[in-house]
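Asker: This is the structure, below, for whatever I ask next.
All of the numbers you see were taken from the coordinates with simple rules; none came from a lab. Quick caveat, the model's predicted, so the values are computed rather than measured. Please note: Cβ atoms are built from the backbone with ideal geometry, for glycine as well, and neighbour counts cover all protein chains shown.
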Amino acid sequence: MNLNKEISTSNVGSLKSVAKGTFLETVIESGFFVLTFQNDSQGSKLLEKVIDSSFIQFHFCLKGNAQFCFNNNSYTLDIPEENTLLLYNPQRDLPIHMVAAPKTWVLSVLISIKKFHGLFSHEANYISFLKDDNKLKKYYKDGYISPSMAIVLNQIINYNLNTNLRELYCKAKVYELLSLYFNRGEDVNVEQCPFLADESNVKKIKAAKDIVIQRIAEPPTLVELSSEIDLSLKKLKEGFKQIYGTTVYGFLFDYKMELARKLLESGAHNVNEVGLKVGYSTASHFIAAFKKHYGTTPKKYIQSSN
């Protein structure tokens, strides 16, 4: 994985015809805020915001595809679905000039470098761009959204409690999100796992993820999965943990619960139907799994969402 990806030149066309969108902004505290945007339309949307060089930017694309444009649209950075993008350049401002494709959801966390150092003052040694010799260097890092991060991101975007509590709720969730993003064990292990530098192996791991999602009701065993993607069982288990931050079945469980939550919120299915759709043969097993994950039963969750 290229952890310090340079901006690539691209022939970006005129964006004058693209409709403008508006971020939902939540201020966490001075020098620290969150932007969310859901483009559920059939057309692309252009979003712009002035951001100066004192801010570190964390962008998360939950679904769809977004493109960040720089220097009068002569350079771009893409952020596809289930991916993250970190931007930091202390030498120049990096205003947000983003094009969100149709059906795209993006969440961005903006935090001043001063505030950020305060959060990680005791952990700065393992965050490479906080080290003294990198203070004046620009930094671009792409990565994957882990299942645990996806849950927090969806909780922030789908917030439906009292609007007066949004700032407090968002603050708690954003701290949780940053903790997961900079999980020390995951970052260290990625650096120590050389096979991930092989792009073909990364593609195989992503294929494994797609397979278990497609066969959510009857997923293959790990041995069957490793054979299907033509990767050893050891590399499958190690690689999946490094890319997605959890085991294959841990990922599948999180995915099932997130899908179940969305199906319940839609109101189109009852609890039994949702359980069957996410691979549980009995309602009791589904209810137990849902309660273990969310701390409440599906029925109570539906009632709290209405």
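Asker: How high is the relative contact order of region 250-305? Use alpha-carbon pairs under 8 Å, at least six apart in sequence, and give a whole percent.
Answerer: It rounds to 28 percent for region 250-305.
Asker: Going down the table (203/291; 103/292; 45/114; 114/203; 63/237), which pairs top 27 Å between alpha carbons?
Answerer: Details: 203/291 34 Å; 103/292 31 Å; 45/114 32 Å; 114/203 37 Å; 63/237 25 Å.
As for pairs spanning more than 27 Å Cα to Cα, those are 203/291; 103/292; 45/114; 114/203.
Asker: In terms of the Cα gyration tensor, with a ≥ b ≥ c the square roots of its eigenvalues, is region 250-305 rounded because a/c is under 1.5, prolate because a/b exceeds b/c, or oblate?
Answerer: Judged from the Cα gyration tensor, region 250-305 comes out rounded (a/c under 1.5).
Asker: Can you sort 202, 223 so the residue with the fewest Cβ neighbours within 10 Å comes first?
Answerer: Ranked by crowding around the Cβ, least crowded first: 223, 202.
Asker: I've got another one for you. Between residue 18 and residue 164, what FRET efficiency comes out of the Förster formula 1/(1 + (r/R0)^6) with R0 = 30 Å and r the beta carbon distance, rounded to 0.05?
Answerer: Calculated value: 0.30.
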